[in-house]
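Here is the structure we will look at, set down as structure tokens.
The values are calculated or read from the model by the stated rules, or taken from the named source; none is laboratory data. None of these values were measured; they are calculated from a predicted model. Cβ: placed from backbone, ideal geometry, glycine included. Neighbour counts: every protein chain shown.
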Amino acid sequence: MLTGYEGNTFASTGDCENDLLNITSVHPMRKDAVQQFVNHADADWSTVESLLESNKIVELEYDGNKFYLRNLKNKDYN
């Protein structure tokens, strides 16, 4: 159980889209953490926008922060 914010340190394999899908399937990521992750992967925010448009991840707001998590209800989930 996650009881508090544990930071922005996430491992990367170099495949930004798949990494985001894998991380967000088990761990919601705050917007600043996603931005930092995308920048570190030499990608840009369009990767996140594409995942949102394809309904692979969702954006939710909680306690004044935006979070991203994998949409496990997406019928294309593998």
Open item on the list: Can you find a residue that is assigned to a strand (DSSP E or B) and at pLDDT 90 or above anywhere in region 22-33?
Closed with: yes
- [ ] Identify all residues within region 34-58 that are under 13 Å from the mean Cα position of the chain (by Cα) and over 21 Å from Ser12 (Cβ atoms); write none if there are none.
- [x] Asn55, Val58
TODO: Identify, by number, the condition in (1) of a type outside the set (A, V, I, L, M); (2) in contact with a strand residue (DSSP E or B) (Cβ under 9 Å, 6 or more places away or on another chain); (3) assigned to a loop (DSSP other than H, G, I, E, B) that Glu61 doesn't meet.
DONE: (3)
